[in-house]
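Before any comments, here is the structure.
The values are calculated or read from the model by the stated rules, or taken from the named source; none is laboratory data. Nothing here was measured: the structure is a model prediction, and the numbers come from that model. No Cβ is skipped: glycine too gets one built from the backbone with ideal geometry, and neighbour counts run over all protein chains shown. These area figures cover heavy atoms from the full protein model, side chains too; ligands, DNA and RNA do not enter into them. Shrake-Rupley method; radii C 1.70, N 1.55, O 1.52, S 1.80 Å.
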Amino acid sequence: MSKVVKIAEISNYAGEEVTIEGWLYNKRSSGKLRFLLVRDGSETIQCVVFKNSVSEESFMDADKVTQESSVRVTGVVAEDKRSPLGYELQINTFEIIQLAHDYPITKKEHGTDFLMDHRHLWLRSSQQYAIIRIRHEIIRSAREFFDDRGFTLVDTPIFTPNAAEGTSTLFETDYFGENAYLTQSGQLYAEAGAMAFGKAYCFGPTFRAEKSKTRRHLTEFWMIEPEVAFFDLNDDMILAEEFVSHMVQSVIKNKQKELQAIERDTQKLELVKLPFPKIHYNEAVDILKKNNIDFKDGDDFGGTDETVISDQFEKPVIIHHYPAAIKAFYMKRDEQNPEYALAMDMLAPEGYGEIIGGSQREDDYDTLLGRIKEHNLSEEAFKWYLDLRKYGSVPHSGFGLGIERTVSWICGLKHVRETIPFPRLMQRIYP
RNA sequence: UCCAGCGUAGCUCAAUCGGCAGAGCGGGUGGCUGUUAACCACUAGGUUGUAGGUUCAAGUCCUACCGCUGGAGCCA
């Protein structure tokens, strides 16, 4: 056995004999030749086994090897223009580590339910592999963006005590005889982080027990939430657009191969450059009216409304100053026009809908306490949150970005379920 | 929770007006020295989601249930 190398680094070993450890992706044969596509997690390479060049045992193994069997191959790296990788391996020895039987995912088409039942294996397929690699790049560049700007990561809890905004969409668990809920958002805790570190962000899973069966919903999804002290709504919108632009540019720069594998039209991503359009809620309503959409002024936008609005632009669009009545209790109101909240949402293009929701937060103690009472929320549960307005309160703002919807948009997918390794949906908790 | 559509081989799908259950892929056997979801030949593989009903006859029509898919509301 020669040096074990990763296929992604194979170009450094042209003409040399190397060993690759991986899995059989596909097999083709022609007479005394066996063409074996071997993947090792970094890349896929075609291995050529010629009957007269290997031992009888190696050729028999190459003949009977099945899809997704684990294998160890040793051969000479040969440049080959016919190969998509540019190189193939001329095999000297071929060894089966474990022979797989009846791998369920075949080369032809499969239905969604079947693939989801085999999600643990589906991840090995080239498109799913590419999507998860792009997801990784999105998360990597998101962390990079905040880390490079002096933000401190403040991890927020997943178990939370009394419900923040009603219990209907919360997952309830037993916490040593008390009720605890899985977090819907780390925001309130991130605000505490902002008062300690100036610029803070949290990143983790969030849970919503919404009975939503659509292409945009998961019951468990990941959210990254920056929160900044001495920051107003305008600062918040600028941070949001710079952030989204940074992630898109990073994917374009570092994940070309993966974008090609999933056949993403990257021209549409190239258009995502600063600045993004920013429109007032009322302007968004005007767009709907111009397009003859039946819409009641003051309501929140539905799925089709969002698509109509975002279709006016080729970049993500930020909508700001929503009616306060349809927004959360902690959002600060516009002093000039208190009917409106200092809130903003970002809608992704191509009908992908809301990827960001954010606002300037209410920073006045008495006003916030009043809102808590208006919403019939427990004053006791929010005592610590009110403390933030009691001890050195400052204007501050933040937002939350849903990772899965962002991945879905950047990858151009039909459904968010493919953007996370093991999706949790209303009707699915397996595997 | 509500609305709509779909459940046939391991998988993806056919099956005309209610009249013999059939293809491809995958599996097995054999062939081929450059294959690219390789190809060619042969082969095995079925309680048509479940229960009931109508009919000489049901994959096909009716009822209920189960499952899946998409959507609405709500949201990232």
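Would you confirm whether any residue within region A:349-369 is of a type in the set (Lys, Arg) and either touching a His at 6+ places or on another chain (Cβ under 8 Å) or open to solvent by less than 50 Å² (accessible area, probe 1.4 Å) (or both)?
Checked region A:349-369: at least one residue is of a type in the set (Lys, Arg) and either touching a His at 6+ places or on another chain (Cβ under 8 Å) or open to solvent by less than 50 Å² (accessible area, probe 1.4 Å) (or both).
Give the residues of region A:397-431 that are among the basic types (Lys, Arg) and either open to solvent by 40 Å² or more (accessible area, probe 1.4 Å) or assigned to a loop (DSSP other than H, G, I, E, B) (or both), sorted by residue number.
A:Arg405, A:Lys414, A:Arg417, A:Arg424
Check A:Asp387 against each of (1) within 16 Å of RNA strand B (Cβ to nearest atom); (2) assigned to a helix (DSSP H, G or I); (3) in contact with a helix residue (DSSP H, G or I) (Cβ under 9 Å, 6 or more places away or on another chain) and name the one condition it does not meet.
Every condition holds for A:Asp387 apart from (1).
Can you confirm whether A:Phe313 is within 15 Å of RNA strand B (Cβ to nearest atom) and either of a type in the set (Phe, Trp, Tyr) or within 23 Å of A:Val407 (Cβ to Cβ) (or both)?
Spelling it out, it is not the case that A:Phe313 is within 15 Å of RNA strand B (Cβ to nearest atom) and either of a type in the set (Phe, Trp, Tyr) or within 23 Å of A:Val407 (Cβ to Cβ) (or both).
Kindly provide the set of residues from region A:19-33 that are within 6 Å of RNA strand B (Cβ to nearest atom) and in contact with an Asp or Glu (Cβ under 8 Å, 6 or more places away or on another chain), ordered by number.
A:Ser29
Evaluate region A:67-84: report whether one residue or more is surrounded by 13 or more Cβ atoms within 10 Å (Cβ to Cβ), of a type in the set (Lys, Arg) and more than 30 Å from A:Arg428 (Cα to Cα).
Checking region A:67-84: at least one residue is surrounded by 13 or more Cβ atoms within 10 Å (Cβ to Cβ), of a type in the set (Lys, Arg) and more than 30 Å from A:Arg428 (Cα to Cα).
Could you pull out the residue among A:Phe329, A:Phe231 that is closer than 28 Å to A:Tyr181 by Cβ and in contact with a helix residue (DSSP H, G or I) (Cβ under 8 Å, 6 or more places away or on another chain)?
Just one listed residue meets the conditions, A:Phe329.
Those residues that are modelled with pLDDT under 95 and within 16 Å of RNA strand B (Cβ to nearest atom), I need them from region A:359-373; list them, please.
The one that is modelled with pLDDT under 95 and within 16 Å of RNA strand B (Cβ to nearest atom): A:Arg371.
Are there any pairs, at least 6 apart or on different chains, whose C-beta atoms fall under 8 Å, with the first in region A:104-118 and assigned to a loop (DSSP other than H, G, I, E, B) and the second among the β-branched types (Val, Ile, Thr), and if so, which?
A:His118/A:Ile105
Which is part of a strand (DSSP E or B), more than 9 Å from RNA strand B (Cβ to nearest atom) and not small (Gly, Ala, Ser), of A:Phe94, A:Phe59?
The match here is A:Phe94.
Provide a single number: the residues in region A:9-38 that are over 18 Å from A:Val76 (Cβ atoms) and under 35 Å from the mean Cα position of the chain (by Cα).
The number of residues fulfilling the criteria is 5.
Quick check on region A:370-381: of everything there that is in a loop (DSSP other than H, G, I, E, B) and touching a residue at least 40 places away in the same chain (Cβ under 8 Å), which residue is surrounded by the fewest Cβ atoms within 10 Å (Cβ to Cβ)?
Ranking the qualifying residues of region A:370-381, first place goes to A:Glu380.
Determine the pairs where a residue that is free of Cβ contacts under 8 Å to residues at least 12 places away in the same chain and surrounded by fewer than 19 Cβ atoms within 10 Å (Cβ to Cβ), located within region A:16-34, has a partner that is part of a strand (DSSP E or B) and among the β-branched types (Val, Ile, Thr) with Cβ atoms under 7 Å apart, the partner being 6 or more residues away or on another chain.
Close Cβ pairs (under 7 Å, with a partner that is part of a strand (DSSP E or B) and among the β-branched types (Val, Ile, Thr)) do not exist here.
Can you find even one residue in region A:252-273 that is more than 18 Å from A:Ala142 (Cβ to Cβ), touching a strand residue (DSSP E or B) at 6+ places or on another chain (Cβ under 9 Å) and basic (Lys, Arg)?
no
Scan region A:39-56 residue by residue and report those that are more than 39 Å from the chain's Cα centre (by Cα) and either within 10 Å of RNA strand B (Cβ to nearest atom) or more than 21 Å from A:Tyr87 (Cα to Cα) (or both).
Hits for region A:39-56 are A:Phe50, A:Lys51, A:Asn52, A:Ser53, A:Ser55, A:Glu56.
Residues are listed down the side, and each one gets a yes or a no for (1) within 16 Å of RNA strand B (Cβ to nearest atom); (2) open to solvent by less than 20 Å² (accessible area, probe 1.4 Å); (3) outside any loop (DSSP other than H, G, I, E, B); (4) within 21 Å of A:Met331 (Cα to Cα):
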| site | (1), (2), (3), (4) |
| --- | --- |
| A:Gln128 | yes, yes, yes, no |
| A:Arg140 | no, no, yes, no |
| A:Arg143 | no, no, yes, no |
| A:Thr156 | yes, no, no, yes |
| A:Thr173 | no, no, yes, no |
| A:Tyr189 | yes, no, yes, yes |
| A:Pro205 | yes, no, yes, no |
